[in-house]
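So the structure is just underneath, and the comments pick up after that.
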Amino acid sequence: MENSERILFLNGIYMQVLEEILVASSILPEETFYIQPYSDRIISEFKKKKPNEENPWRLYASITSDLSNAHYTAEIIDWEYKPDIQYKRLIDLNEHIQKYQKDEDCIYLTQNEKICANLISIRNLQKLENPIPINRFYKIKNGTPLKVRTRSGNWSYVTLMSANDDNDYILKSYLDADFEKEVKVSTCLSHHARKQRLDTAAKWPKKIHVVTNSYKRNPDVVAEALFRANGKCGLCHNDAPFNKLDGTPFLEVHHWQPLADGGDDTIDNAAALCPNCHKEAHFGARSSAIRQSHTK
């Protein structure tokens, strides 16, 4: 099952800022309120495609007095780059701040002589009855759980895992990495020790729900790569190892620079490979050299 909700985790917001919003939103539940991270870095995913009321992001936030748990959640319905905010808009924003978020004082454009880049618009702020431990949030980029930081600030794009052990979710990338580590541990055991473990192991594995993060790829890139290959592997140049039921050669389309590493979904970054070469391109000892030779 894939968690389709887009989540931004903010590390450490002053609790009085959030509590003030809670009080105001209890009176005006449809009102928009504002969060102002100190950072001069742009929230890149918001710059690519701004959240809006029809397509909001989910916000989770820890507080400065407890960075190990998320205490608040809300919907993110807009984002603005502060240096681009027009004068009239800034006046309206400051009037709102003075009326509903007085502890913020104003829309500050700099902090400690650095630009403050991001203005986040939120609604439906809620305080969580049961705070969520940070390690239940997994980074979208690499599938690793968040770690508690010693200082507030910064953000992460994450997915949230279920707390129910009988209905647990885990990112496939994280599951695969953990499994590979366990296999390495097992290979270091003696045959006798491993046999003892096998004799007492459960015959049926536990079923879990796996969360996968994928990309909506361009089918034309796949079709063109297969057409261009003409039945031959783009790495070893041998014929495809077999034909599919429809009679076409079985080849797998590979991105030389993986999409997960920022590679383009274009024909220039793709090739049709036989299964062996495809695996080698990902996991073989020559994988780095193969990537470099095809991405210059």
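The values are calculated or read from the model by the stated rules, or taken from the named source; none is laboratory data. It should be emphasised that the depicted structure is a prediction, and the values quoted were computed from it without experimental measurement. Methodologically, a virtual Cβ is constructed for each residue, glycine included, from the backbone with ideal geometry; neighbour enumeration extends over all protein chains shown.
Kindly state which helices (runs of 4 or more DSSP H) lie completely within region 151-235 and contain at least 3 residues that are among the hydrophobic types (A, V, I, L, M, F, W, C) and modelled with pLDDT of 75 or more.
By residue number, 172-187, 219-229.
Hey, can you tell me all the residues within region 33-42 that are of a type in the set (Phe, Trp, Tyr) and part of a loop (DSSP other than H, G, I, E, B)?
38
State whether the residues of region 78-87 include one that is part of a strand (DSSP E or B) and hydrophobic (A, V, I, L, M, F, W, C).
Yes: region 78-87 contains one or more residues that are part of a strand (DSSP E or B) and hydrophobic (A, V, I, L, M, F, W, C).
Can you spot a residue in region 115-130 that is in a loop (DSSP other than H, G, I, E, B), among the charged types (D, E, K, R) and in contact (Cβ under 8 Å) with a residue 24 or more places away in the chain?
Within region 115-130, none of the residues are in a loop (DSSP other than H, G, I, E, B), among the charged types (D, E, K, R) and in contact (Cβ under 8 Å) with a residue 24 or more places away in the chain.
Condition test on residue 44, is it closer than 12 Å to residue 155 by Cα and free of Cβ contacts under 8 Å to residues at least 12 places away in the same chain?
yes
Per-residue answers, yes or no, for (1) among the small types (Gly, Ala, Ser); (2) in contact (Cβ under 8 Å) with a residue 24 or more places away in the chain:
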position	(1), (2)
222	no, yes
227	no, no
244	no, no
259	no, yes
281	yes, yes
291	no, yes
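Here is a list: 95, 30, 53, 45. Which entry is in contact with a Phe, Trp or Tyr (Cβ under 7 Å, 6 or more places away or on another chain), of a type in the set (D, E, K, R) and outside any strand (DSSP E or B)?
45
Just wondering, is there one or more residues in region 60-71 that are touching a Phe, Trp or Tyr at 6+ places or on another chain (Cβ under 7 Å), hydroxyl-bearing (Ser, Thr, Tyr) and assigned to a helix (DSSP H, G or I)?
So far as region 60-71 goes, no, none of its residues is touching a Phe, Trp or Tyr at 6+ places or on another chain (Cβ under 7 Å), hydroxyl-bearing (Ser, Thr, Tyr) and assigned to a helix (DSSP H, G or I).
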